[in-house]
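Report on the following structure.
The values are calculated or read from the model by the stated rules, or taken from the named source; none is laboratory data. What you are looking at is a predicted structure, and each value in this text was computed from that prediction instead of being measured. We place every Cβ from the backbone using ideal geometry, glycine too, and count neighbours over all the protein chains shown. Side chains are part of the model used for accessible areas, which takes the heavy atoms of the whole protein and leaves out ligands, DNA and RNA. Shrake-Rupley method; radii C 1.70, N 1.55, O 1.52, S 1.80 Å.
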Amino acid sequence: HRRMRGAVADALARVNGHELIRSVRATAERLIAEFATGGATEAELVGQYARALPLHVVTGLLGIGAEAGPPLVEAITTTVAATAESPAASRRMSAMLSELIEEKRRAPGEDLVSWLLGHDAGLSDEELLHNIVVTIVAGNRTTGNWIATTLLILLTDPAFRSSLSRGHLTVDDALDLVLWRFPPTQNFPARYATRDLSFGGQDVRAGDMLVLGLAGANADPEVLPADGRPVVGNRSHLAFGAGPHTCPAQDPARLIARTAVDTLRHRLPDLELAVPESALTWAASPWTKELAALPVRFSRPALAATALGDPR
């Protein structure tokens, strides 16, 4: 684990933060322009923005072309869904990733796959394939959930939105609030006990599988103030895990989410919910907390279609 994690962490450390911001902003501008053109004044931000943006950015970081990205993500998503279609999807996924690895071996570029191939850890193709899958799954869906729920907070919490507009709070504060209250990964499978022990008042035997309740841990009254509201600036939540298994991509993930939320706020400053908050639904899953849809309306779509060239 140390060997593989070290390779992934070193590859992620080579990502240029300024270039990543430009890439995210340019992608955000393009997506906004797609749903805010021709006089359109409504959009559905989960499918048209929050999930679409990380897909483009993460596959770009891996050096995967724009056309190959969606089919690969579809194959990975179907594989991990554990349905009757999963075996066929797993074969498609393995074939596409094996082809990608061979392509990067022949012609390495400035991307995560090439950097992992060239790392001193000497990852096998199987290890490399596994890490690519983890990067896409973790970087795509969870980041999209993070963006969507943060936008929901800004649209439904007038006090928070006012404090943000006045400079008392930042987008990072909104992002942290979501990680405390609605971490994108609610429960995480799995860790296995290496010996018999007593943990949290429960007897655990060697070999037992433990499902980590990240959302439950974040709601522990011993770590929150009496009113249950997280303290601004406190990032001691477990949304990214902890210890040797802490997510190594949390910094680029935050940068992607922050830039996505910032860009949308500035392009569509009068954004508001198109339905009552009570009409919003959450997708049912034991593992994640994600909005099924986030319908919004806006009255100034022209702002979204400007300055698509230079993202600065």
Those residues that are among the charged types (D, E, K, R) and either open to solvent by less than 50 Å² (accessible area, probe 1.4 Å) or touching a helix residue (DSSP H, G or I) at 6+ places or on another chain (Cβ under 9 Å) (or both), I need them from the stretch 164-222; list them, please.
ASP172, ASP173, ASP176, ARG181, ARG191
Residue match in the stretch 151-164 (condition: closer than 25 Å to THR59 by Cβ and either at pLDDT 90 or above or not in a helix (DSSP H, G or I) (or both))
yes
Can you tell me which condition HIS56 does not meet? The list is (1) over 19 Å from GLY144 (Cα atoms); (2) open to solvent by 60 Å² or more (accessible area, probe 1.4 Å), and all the others hold.
(1)
Scanning the stretch 46-73 residue by residue, the ones that are in a helix (DSSP H, G or I), more than 24 Å from THR263 (Cβ to Cβ) and of a type in the set (A, V, I, L, M, F, W, C) total 1
Among the candidates ARG22, ARG105, ARG14, residue that is basic (Lys, Arg), more than 21 Å from GLN250 (Cα to Cα) and more than 17 Å from the chain's Cα centre (by Cα):
ARG105
Some residue of the stretch 229-236 being out of contact with any Asp or Glu (no Cβ under 6 Å at 6 or more places or on another chain) and over 30 Å from ALA13 (Cα atoms)
yes
Just for the stretch 165-188: of the residues that are assigned to a helix (DSSP H, G or I) and more than 14 Å from the chain's Cα centre (by Cα), which one is nearest to LEU291 (Cα to Cα)?
ARG181
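Kindly provide the set of residues from the stretch 189-203 that are in a strand (DSSP E or B) and under 20 Å from PRO286 (Cβ atoms), ordered by number. Walk me through it before giving the result.
Residues of the stretch 189-203 in a strand (DSSP E or B): 189-192, 197-199, 202-203.
Scanning the stretch 189-203 gives PRO189, ALA190, ARG191, TYR192, GLN202.
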